[in-house]
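What follows is a single structure, written as structure tokens, with notes after it.
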Amino acid sequence: MSQDYQMNITSNNLQRYSDVDIFSTQGRIGQKRYFVYSIVIPFILFWAITPIAGLASYLPIGSTTLFYSVLGIAILAMLLMTVRLTIQRCHDFNKSGALAILALIPLANIIFALIPGTNGLNQYGEVPKPANWVFKTFFYLILALVLVAIAFTVVNLVNGNFLTELLSI
């Protein structure tokens with residue numbers, strides 16, 4: 001576990017914060033950072049690697065195999081980052097990282113983002129650094145977009161015209 005700490009002194013209380021390391025399974029990550037990272041990082045990885053896979057499909061020899069291999073690497077990278085972030089999120093509410101397997105369920109990161117973290121020190125370390133205004137803004141914006149998309153899907157499924165609406169876009 002990283003021993004890098006930041007200290008915040010407010011009204012005579014000393015609070016130590018641990019740094020968040022998104023490339024590790026050690027430590028803790030707060031709700032808003034987790035949610036933003038678990039949406040944005042896979043999105044960036046996918047859109048960075050997909051054009052490479054598309055270019056690979058134009059190669060004359062073994063293009064299909066190369067295309068699917070590059071796409072598979074992108075998907076594995078996204079899953080790895082999601083599981084790592086979810087392990088840290090589980091640590092924040094003082095649970096084993098084994099729960100991170102649930103991150104493979106679609107939209108489970110919303111549930112993980114809603115579970116409050118442990119106040120103060122727990123067996124996995126100090127409180128993670130609080131989210132700044134950028135993370136808070138992205139958190140509420142992404143959450144609103146996801147909820148609108150879910151509501152749109154549910155309304156169209158209930159009305160029976162989901163595929164019609166989806167194909168007309």
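The values are calculated or read from the model by the stated rules, or taken from the named source; none is laboratory data. None of these values were measured; they are calculated from a predicted model. Counting neighbours? That spans all protein chains shown, and the Cβs are built from the backbone with ideal geometry, glycine included.
Residues of the stretch 109-119 that are at pLDDT 85 or above and crowded, with 17+ Cβ neighbours inside 10 Å: PHE112, ALA113, GLY117.
Filter the stretch 46-68 down to the residues that are among the polar types (S, T, N, Q) and either surrounded by 13 or more Cβ atoms within 10 Å (Cβ to Cβ) or at pLDDT 85 or above (or both) and list them by number.
First, pick out the residues of the stretch 46-68 that are among the polar types (S, T, N, Q): 50, 57, 63-65.
Selection gives THR50, SER57, SER63.
Quick grid of which residues meet (1) farther than 15 Å from GLN31 by Cα; (2) touching a Phe, Trp or Tyr at 6+ places or on another chain (Cβ under 6 Å):
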| position | (1), (2) |
| --- | --- |
| HIS91 | no, yes |
| LYS95 | no, no |
| ILE105 | yes, no |
| LYS129 | no, yes |
| LYS136 | no, no |
| PHE139 | no, yes |
